Amino acid sequence: MPPTDSLPTFTKSIAITVRQPSKLRNLELFLLLVAIGISATAIVLVQLGVNGAVDVGVLLQAGALGMLALGMHVALRVVARDADPFILPIATTLNGIGIAMIYRIDLARGLSGWEGLAVRQMVWAGVAMIIALGVIVAIRNHRVLARYRYVAMFVGIALLLLPMLPGIGLTLNGARLWIQVGGFTFQPGEIAKIALAVFFAGYLVTARDSLSLTGRRILGLQLPRARDLGPILIIWVAAMGVLIFQRDLGTSLLYFGLFVVMIYVSTGRLSWVLIGLGLFLGGAAIASRTLTYVEGRFAAWLDSFNPEVYDAQGGSYQLVQGLFGMAHGGLVGRGLGQGDPTITPLAESDYIIASLGEELGLVGLFAILGLYLLFVARGFRIGFNGTDDFGRLLAVGLAFVIVLQVFVVVGGVTRVIPLTGLTTPFLAAGGSSLVANWIIAALLLRLSDEVRHQPRLVVDE
Amino acid sequence: MNKELRRVSIVALSMFLALFVSTSVIQVFAVDDLRADGRNSRTLFESYSAERGPILVDGTPIAESVPVDTQYEFLRTYTQPELYAAITGYFTLNQGNTGIEGELNDFLSGTANEQFLDQLGALVTGQSPRGAAVELTVDPVVQQAAWDALGDQQGSVVAIEPATGRILAMVSKPAYDPNRLAAHDTQAVLAAYEELINNPDDPLVNRAIAGDLYFPGSVFKVLMAAAAIDSGEFEPESEFPNPPTLELPNSSSVISNSEGGACGGGETVTIATALRLSCNIPFAQLGLALGEDTIADYADAFGFGTRVEIPMRSTASTFPTGLDEAQLMLSSFGQYDVRVTPLQIAMISAAIANGGNLMQPTLVDRVIAPDLSIVQEDEPVLLSQPISRETASIMTQLMVDGVANGAASNATIEGVAVAGKTGTAENGGETPYTLWFTGFAPADDPQVAIAVVVEDGGGFGQTAFGNRVAAPIAKTVLEAVLNR
């Protein structure tokens, strides 16, 4: 810290305050232009690779999204001048690559316009970016969110339970995670994860003393009091409910992992992690014995190449085809539009990472994973440098949501863990997921803006 | 809170590290296994979208990929389809590949590890990858001569260069047209395949190395005599009783010599005479004296029990085990349950011709990348040394005698010492005989070893011998080599 009583240093720090934000935004603008360039190049390469000709129409549609991203950048210059400069370009790049790959798969299937998924994905991306813009503009101070923590909890649980309602609930690929109103489907659980992260952050900031300081020590572990266990049990029941009734291992893992990490970060007590892991693993172990779909997933994971498992209904066919695709890509990939990703079922959503691995190679996957890692690191950075515990906790929670999603999806596709259906953030086809992840990006942008602001205020005072 | 955050970020980093590792394992380290998996349709798709390398004989393509205006871009075309069908095999879109097309698919399609840098170069320059050319050891003149000489007979001819193992000709009849299976019209291909696979004459089977195998009959006596002499227990002049018929032990069956009567007259007969005149009874007695184990050991050393790869895997020829005396005696002149491929019989002659050294037979001379660099060049490989040089020299003399003064007279070539042995194998009951010839020439400097097999008695039922049908075919092929 520079001494605050000397005049030259004071003016110097003022100068920094004035100059740095525009520097940050200029960096963001540069990175954003790179991101848009990468996305446009990817779409052109897809067109050349599949059709051998460039279709300007699609480029214009994608260009509109680029303009939206630039609009967001302009908005940030006004309402969040100190926001992190990497988050928006990374989200834009990933979204653009995802659209290019979905478009590529549309072309391979001979789908165009509204028949295809790419156009819908672009529309959803536009909606998601507008909502994200709204979040940044509307929420000027994130601490407001802490006040609505219980509202967030009820909203979260209500969204979770929505697909169970008869009439609007919809079962796709064996999982009951969607609602359908008219011709319009949505996965409310995607939004629920944000609501629950807000609830956890708000609840834990207020309850952490009772959670961390009370309780008895047994075998070197300080166990929480029974009444403090209440919320974690509710979440456990909800996660298991999702697992059993909505038949979705990945989503329940996501909620549970999110809660365990946030409670650990806020209370600093390892016992919570052990209790949480124990509850989840216990539940998963029972589920793997009793629920046939979970059992099938385990068999497909451990014994993928066994012909019986491969040919079984719900067996490892998709997993193995994904592995074949990635091996087909090898180190440097086949090139966009040059592989055969459509052999693998769900190549545009659950398996988009395998499709990208096939056409962009290990090099491309490393770049994509690197982008996720950087995105997550920016979130954790807010956790380290933030000024209020609610914001820090929320940032870590949101960043960890991305970590868990990437790990569960990519780990499932590459046989690190059993395959479960989660969406690859920003990449996979699916509107709800795009909206949710852009909201996460917007919240992280908002939270990071505070980080930049606060220390200087302290210094300048 | 920062301590916990640090720990959580380490956990998050570890999770990413796991993904970096798992993707690397799949896309770098396990690539070969994943690509080789039979269920990997991408490997197949890839193999026909690339310009597949040609198969060359003496520099001329016998199979090549011709550009066409369909989604598959190239059509595999065989210029002399039936002549080389047993060698090339066929290349289909998704029904599997056989022959050289199947065995060397990695090279032909350009996906072999040795061609990795080429693939990388093609990726960078944006060119479509191209497969390597495979140059065969086959001599087109000899191949044509063997094809013509076999005429309309069903059977096979295999000609090997004894010193190197290079296969100069390999014919299997009836043949088929691989162009029918390489077509892009899947329905037509399936129909053609159905027709060929249901054809009772099995045109898809390469009789030289596979199929139901043949009884060798008297050509097996070459191995028997070589084993007897090489074992040191017998000499060419070792004598056996010479009855006109012999009742098998513990059996009412009686065996006789093929010409009837005793073997060349006299109370006893030598191994040399028995081989020259191809008599069964002396060899039955010899087999009993040598014993099952000794014969089996020599058979193994000559290649029996091995799936020789040329590089197509041949079916292993078999010498039975656990024989009683009667079965051993029958086996000793190539009946009972001795079963062979023509390749195996040619290998026996080739080993004798090459001073007892059996060379690995092969069809592939070298693999040439599109930029004309040599990807792989096959050097002659010693497979085994079944018999000594001395035994080989004695056997050569005995076999020359068999052509000059014995049962294999129809292989005689004016001015050249031909070593040879005929065979006439019984297939039981009224079934026509299987007719054989094996040998090599010139005896003092062998250029070629050969096996000829003609099924179905050559059209003469049970009346013709190997010397009448198979020996003239062999003679034609030997002459084709000697006149090069």
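Couple of notes before you dig in:
- Against the conditions (1) within 30 Å of residue A:393 (Cβ to Cβ); (2) more than 9 Å from chain B (Cβ to nearest Cβ), residue A:268 satisfies every one except (2).
- Exactly one residue out of A:333, A:386, A:391, A:339 is at the interface with chain B (Cβ under 8 Å from one of its Cβ atoms), farther than 16 Å from residue A:425 by Cα, out of contact with any strand residue (DSSP E or B) (no Cβ under 8 Å at 6 or more places or on another chain) and not acidic (Asp, Glu): that is A:339.
- Residue check, residue A:258 assigned to a helix (DSSP H, G or I), under 23 Å from residue A:162 (Cα atoms), modelled with pLDDT of 75 or more and in contact with a Phe, Trp or Tyr (Cβ under 8 Å, 6 or more places away or on another chain): yes
- Residue match in segment B:83-100 (condition: within 8 Å of chain A (Cβ to nearest Cβ), modelled with pLDDT of 90 or more and within 26 Å of residue B:375 (Cβ to Cβ)): no
- Flag if residue A:268 is surrounded by fewer than 20 Cβ atoms within 10 Å (Cβ to Cβ), at pLDDT 70 or above and over 21 Å from residue A:148 (Cα atoms): yes
- Of residues in segment B:328-343 being out of contact with any Leu (no Cβ under 9 Å at 6 or more places or on another chain) and part of a helix (DSSP H, G or I), the one farthest from residue B:248 (Cα to Cα): B:343
- Inspection of segment B:177-186 identifies at least one residue that is closer than 27 Å to residue B:316 by Cα and either among the β-branched types (Val, Ile, Thr) or not in a helix (DSSP H, G or I) (or both).
- Answer from A:325, A:296, A:339, A:330 - the residue that is surrounded by 16 or more Cβ atoms within 10 Å (Cβ to Cβ) and more than 22 Å from residue B:19 (Cβ to Cβ): A:296
- Index of the failed condition, residue B:72 passing every other in (1) touching a residue at least 12 places away in the same chain (Cβ under 8 Å); (2) within 14 Å of chain A (Cβ to nearest Cβ); (3) surrounded by 17 or more Cβ atoms within 10 Å (Cβ to Cβ): (3)
- Per the listing A:312, A:367, A:347, the residue uniquely at pLDDT 95 or above and more than 11 Å from chain B (Cβ to nearest Cβ) is A:367.
- For residue A:387: the one exception among (1) surrounded by fewer than 24 Cβ atoms within 10 Å (Cβ to Cβ); (2) free of Cβ contacts under 8 Å to residues at least 24 places away in the same chain; (3) more than 21 Å from residue A:108 (Cα to Cα): (2)
- Test: residue in segment B:345-360 that is at pLDDT below 95 and among the β-branched types (Val, Ile, Thr): no
- Annotation note: of A:375, A:426, A:400, the sole residue that is within 10 Å of chain B (Cβ to nearest Cβ) and aromatic (Phe, Trp, Tyr) is A:400.
- Qualifying residue in segment A:452-459 (condition: among the charged types (D, E, K, R), surrounded by fewer than 24 Cβ atoms within 10 Å (Cβ to Cβ) and away from chain B (no Cβ under 12 Å)): yes
- Residue A:373 vs. criteria among the hydrophobic types (A, V, I, L, M, F, W, C), without any contact (Cβ under 8 Å) to a residue 12 or more places away in the chain and surrounded by fewer than 24 Cβ atoms within 10 Å (Cβ to Cβ): yes
- Members of segment B:223-263 found to be in contact (Cβ under 8 Å) with a residue 40 or more places away in the chain, among the hydrophobic types (A, V, I, L, M, F, W, C) and either over 16 Å from residue B:284 (Cβ atoms) or in a loop (DSSP other than H, G, I, E, B) (or both), listed by number: B:226, B:229, B:234, B:248
- The requirement of being free of Cβ contacts under 8 Å to residues at least 60 places away in the same chain, over 21 Å from residue B:363 (Cα atoms) and more than 14 Å from every other protein chain (Cβ to nearest Cβ) is fulfilled nowhere in segment B:1-12; no residue meets it.
- Any hit, segment A:238-246, residues being within 14 Å of chain B (Cβ to nearest Cβ) and either at pLDDT 80 or above or out of contact with any strand residue (DSSP E or B) (no Cβ under 9 Å at 6 or more places or on another chain) (or both): no
- Count - residues of segment B:37-51 that are surrounded by fewer than 19 Cβ atoms within 10 Å (Cβ to Cβ) and either modelled with pLDDT of 80 or more or at the interface with another protein chain (Cβ under 8 Å from one of its Cβ atoms) (or both): 4
- Only one of B:68, B:28, B:11 that is β-branched (Val, Ile, Thr), touching a strand residue (DSSP E or B) at 6+ places or on another chain (Cβ under 7 Å) and over 24 Å from residue B:136 (Cβ atoms): B:68
- Taking the criterion of being more than 24 Å from the chain's Cα centre (by Cα) and within 14 Å of another protein chain (Cβ to nearest Cβ), the only residue of segment A:273-302 that qualifies is A:274.
- Strands (runs of 3 or more DSSP E) enclosed by segment A:113-188 - at least 3 residues per element that are crowded, with 16+ Cβ neighbours inside 10 Å: A:175-181
- Scanning segment B:338-396 for residues that are of a type in the set (D, E, K, R) and either in contact with a Lys or Arg (Cβ under 9 Å, 6 or more places away or on another chain) or within 18 Å of residue B:208 (Cβ to Cβ) (or both), we see that the one that is surrounded by the fewest Cβ atoms within 10 Å (Cβ to Cβ) is B:377.
- Applying the condition of being part of a loop (DSSP other than H, G, I, E, B) and of a type in the set (A, V, I, L, M, F, W, C) to segment B:344-401 and asking which residue is nearest to residue B:163 (Cα to Cα) yields B:381.
- Selected residue (criterion: nearest to residue B:192 (Cα to Cα)) from residues of segment B:59-104 that are part of a loop (DSSP other than H, G, I, E, B) and β-branched (Val, Ile, Thr): B:92
The values are calculated or read from the model by the stated rules, or taken from the named source; none is laboratory data. Nothing here was measured: the structure is a model prediction, and the numbers come from that model. Cβ sites come from the backbone with ideal geometry, for glycine too, and all protein chains shown count toward neighbours.
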